[in-house]
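Written below as structure tokens is the structure these notes are about.
Nothing in this text is a laboratory measurement; each read-out follows from the coordinates by a stated rule. In this text the structure is predicted, and so the values were computed from the model without any measurement. Don't worry about glycine lacking a Cβ; one is built from the backbone with ideal geometry, like all the others, and counts go over all protein chains shown.
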């Protein structure tokens, strides 16, 4: 089945540094990838929609300059948390939709295992 | 705007008991899709089921079953004869219409199955 790999699975960084998280679709091409953020014991909140070859679409309230998203190829999207601060500490999860889904309508999204960011 | 409500934040049961998780949704779309995901302590999201708005058939998969009631905008999930490995957070989610594949998640229900 479809597999999405996220790397790193966890990262600890100092305040003020930038952190890059990768989301790769391993056995399929993903025209669209989604980035979610999850605080402890809370639900997943969509941050942005990443489309291959174009600019990401950010949800209201998400800072574009803070969370840089690049979707340079059909198998890779990256999320860079710039000048990270302790309040950016969270669990970040990506999901990917296949380029050509087998079913009409909403294809089943495949989620990565998530990346836990801790900013000291 | 779409909204998913999971009223139960946490449910604790003893192994072999049945547990039902409630999910109520709101949408103005006539075509939409409902999902259930499991998030074990390790964090990854595991897809359990997808249901489209035109298919109100209930479904059973092993110990899992789902009850989709369009009239009450509910998509409830039952785990029969629960096991310790079922301990996780379960999310109900919704997408449809102009939202494309943007999933709107409910708040999640934490299930704790005690031996």
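Here are a few things to note about the model shown:
- Each label point was placed 7 Å from the Cα along the Cα-to-Cβ direction; for residue A:9 and residue B:20 their separation is 3.7 nm.
- Computed from label points 7 Å out along Cα-Cβ, the spacing between residue B:114 and residue A:83 is 5.0 nm.
- The stretch B:51-115 shape via C-alpha gyration tensor axes, a/c threshold 1.5: oblate
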